[in-house]
Each structure stands twice: as structure tokens, then as C-alpha cells.
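Note sheet for the following structure.
The values are calculated or read from the model by the stated rules, or taken from the named source; none is laboratory data. Values in this document were obtained by computation on a predicted structure and should not be read as measured data. Here the Cβ positions follow ideal geometry from the backbone for every residue, glycine too, while neighbour counts run over all protein chains shown.
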Amino acid sequence: MTPERLQSLIEKYLHDTASPEEEAELMQWYRSSNDHPVEWPVSHAGEPEEIRARMLGKLKNAIHSNSRVIPFYRKRSWQIAASVLLLAGVSTWVLLKKNISGNTEPTIIAGTTTSPILPGGNKATLTLGDGSTIILDTAGNTTLAEQGATRIIKLNNGQLAYKGVQGQHADASTLYNTIRTPNGGQYQVILPDGTKAWLNAASVLRFPISFTGNERKVQLSGEAYFEVAQNSKLPFRVLTTDAQEAPLGVVEVLGTSFNVNAYHNEPTVRTTLVEGKVRVSAADTNRSQTPVILTQGMQSIVENDQGRGGNIRVIRVDTDDVIAWKNGLFNFNNADIKTVMRQLARWYDVEVVYEGNLSNEKFDGEISRNSTLSEVFNILELSAVHFKVEGRKVIVMP
């Protein structure tokens with residue numbers, strides 16, 4: 001298609017004067033534009049980014065009804081955010097680029113390799129009380145071990161479950177198990193009391209094989225979502241720790257569902273209440289910090305200066321956004337590129353390095369965690385950031 005023809009079609013399309021045949025012609029160009037350079041018209045009033053945003057926004061609504069649409073935006077103080085489309089069954093993203101000076105660039109397919117970097121999956125290891133280790137993703141769906149009166153079972157759906165009679169053995173509380181998810185892994189475990197825990201990538205959960213005494217206490221490094229089994233006589237507590245198991249804080253549960261994000265390489269520790277009520281305390285050795293009570297839809301934030309002595313802030317959030325990872329999505333909310341890349345590095349098990357002066361753009365939107373890494377990069381390439389993949393090393397450039 002010539003630039004003159006494309007300009008004419010876009011003019012008509014933006015002014016709702018295009019015929020059905022002309023709209024079909026433009027849609028066909030849009031779908032196939034990854035095969036050849038994109039020539040954007042320059043005679044419109046307004047910045048090129050505004051033209052692109054207007055067109056992409058209209059095309060988004062024109063995609064066939066059986067296509068899956070996930071909006072993704074990037075913010076600049078002087079630009080209108082553009083939408084990107086992910087079509088069901090399509091393995092690549094269509095990218096349309098034009099720089100501010102008016103020079104056109106060819107469509108970019110980022111990270112294209114013969115061996116794409118695939119998303120993570122259900123992967124974890126279980127360390128038993130005697131120090132032995134079981135690789136859960138390759139273990140069969142059967143009883144994996146017996147410790148005291150407790151049987152450790154891998155269920156048909158892949159979950160790990162603990163079955164037994166609580167309190168039957170006096171030494172049961174001294175036996176701890178630890179489940180670890182690697183970069184590129186996630187896993188679900190049903191704890192001895194029936195509490196369900198979903199572990200995100202690069203997370204560690206340590207717990208007794210039977211809850212005895214006057215509390216149910218587990219230890220978490222990384223991110224997990226909990227659905228706590230109610231037991232008013234045994235409060236449920238999550239001790240958050242850094243990679244060296246130094247305490248970051250305590251979440252005391254009063255029968256609830258909540259998410260804890262306590263990665264050692266994130267700037268904050270965040271506890272988000274989905275349902276019920278929790279009490280959050282910072283790990284303050286001077287005990288001068290006052291715990292806060294969270295109600296539904298609230299999130300506590302503690303600066304991760306190794307977690308000790310930080311003030312607790314509380315904000316209201318959309319809980320669906322916070323637990324999007326559990327439901328198979330990346331969700332970014334005003335996130336800079338380094339925040340985005342920390343999540344991608346954990347899920348795709350890649351090393352990330354940065355070159356040059358990166359843009360301060362912020363990202364908002366959702367991307368499927370089932371996407372290949374190159375598909376994710378194709379979305380992010382719409383902003384002033386580019387990627388080069390060398391094996392499992394990702395170089396982020398302006």
C-alpha cells in the first residue's frame with residue numbers, strides 16, 4: 001500500500017467516512033503491517049503519537065468479536081497513551097512505530113529467536129524435616145512422604161496437600177517443611193490446617209507439618225496469596241523475611257484471604273487484604289511501631305530498608321489488580337521499566353542488565369503470563385525502550 005493510499009484510508013477512518021471495503025482494506029494492512037515498513041501520514045494536525053493513539057483506539061473496537069483484547073498503555077506527561085492488541089491465536093504483536101522527528105521506522109519484533117523464552121509454570125521443590133528434597137513438578141500424583149502422623153500427597157491437580165491427625169505426635173510441631181519456587185515457577189499447597197497458599201515465582205514458604213500450640217505460624221520470603229482456614233482458637237500468622245531470613249514484618253490473620261509481596265529486591269513489603277481482616281506489624285526491634293488493621297480492599301506498605309523500623313502506610317487498591325499474577329496475568333499500575341523487568345525476570349528466569357539512559361515512562365495494563373518473552377517485549381517496545389536477548393540475558397536499552 002502506498003503512503004498516499006494509507007493516508008487517505010486513515011483520514012476516512014478517523015472521520016467515520018470510510019466504506020466497509022475501505023475499512024476492510026485498512027484492517028488488512030493493520031494485521032499484516034509486521035511484514036513491511038509502516039508509513040504514517042504527516043499531514044494530520046497533532047503529534048504523531050496522538051494520531052497513532054486515535055487510530056489504534058478505533059481499531060481496537062473494530063477487531064473481530066472472538067479476538068481477545070488486552071489493553072496496555074504507557075504514560076508520558078506530553079503524550080496520549082496508545083493501545084496495543086493481542087489477538088487470540090496470534091503468536092506475534094503488531095507494532096507501529098514513528099519517532100517524534102517524523103522519521104519512520106520498520107516494525108520491530110523484539111527478541112525473535114529460533115528458541116523463544118517460554119513462560120514459567122508449576123515448578124517447586126519441597127524440603128522435608130529430615131533435609132531430603134523432592135522435586136514437585138516431576139513427582140507423581142501420589143503420597144510423597146510420611147512424617148509422624150502426616151502424609152504429604154501430590155494431588156491429581158498438581159497441588160501439594162498435607163493429611164493427618166493434628167496433635168497426635170508431641171514432636172510434630174518441631175518438624176518443618178519448606179517449599180521453594182524457582183525463577184519461572186509457581187505452586188499451590190494446602191497446609192496442614194486446610195489453608196490454601198499460592199506461591200509466585202522465586203518464593204519460599206516454611207511451615208510445620210502440624211500446627212500445635214496457640215498459633216499457626218508460617219514464614220514467607222517472596223510473594224504468596226493465602227486463603228486461611230478459620231480457627232478462632234489458633235490465629236494464623238505470616239512472618240515475612242528477606243533472603244537471609246531476617247524478619248521484615250508480621251501479618252496476623254483473623255480468618256481471611258490476602259496477598260503478601262515481600263521480595264528482598266522490591267523497595268516495599270506490601271500486604272493486601274482481599275477478604276476478612278488482618279493486623280500488620282513492621283519488624284521493629286524497638287517495638288515502637290503501632291500495628292495497623294486492614295479491611296477489605298486495603299493495602300499496607302512498609303519501606304524495605306531490610307524491613308526494620310519502617311513506618312506503615314495504608315492505601316486503598318483494586319485487589320483484582322494485586323492478585324492478577326494468581327490468575328495468569330501481569331498487572332502493571334504506574335510501574336517504571338525496572339519494576340516491570342523485576343517481574344519478568346522472576347517469571348521468565350532471565351538476567352536483566354541496563355544500558356544507557358532509560359526513559360521515565362510509566363506502564364499501565366495487563367499482559368498474559370502465558371505469553372512468550374518476545375511477545376511481552378513487543379508490547380513494551382511501543383514505548384521508548386528496546387530489548388536485546390543474548391541467551392537468557394536481556395539487555396534493556398533506550
- Query: Within segment 170-184, which residues are within 20 Å of residue 144 (Cα to Cα) and at pLDDT below 85?
  - Reply: 172, 173, 174
- Do we have residue 356 as without any contact (Cβ under 8 Å) to a residue 12 or more places away in the chain and outside the structural domain of residue 199 (by TED's automatic domain parsing) here? no
- Report the residue count in segment 179-228 for those that are in contact (Cβ under 8 Å) with a residue 40 or more places away in the chain, on the phi > 0 side of the Ramachandran plot and either part of a strand (DSSP E or B) or more than 18 Å from the chain's Cα centre (by Cα) (or both). 2
- Note on the structure: Of the residues in segment 253-288, those that are modelled with pLDDT under 90, charged (D, E, K, R) and closer than 14 Å to residue 239 by Cβ come to 284
- Query: How many of the residues in segment 205-252 are surrounded by fewer than 22 Cβ atoms within 10 Å (Cβ to Cβ), more than 21 Å from residue 127 (Cα to Cα) and of a type in the set (A, V, I, L, M)?
  - Reply: 3
- Message: Condition first: farther than 19 Å from residue 146 by Cα and surrounded by fewer than 20 Cβ atoms within 10 Å (Cβ to Cβ). Can you find one or more residues in segment 185-194 that meet it?
- Response: no
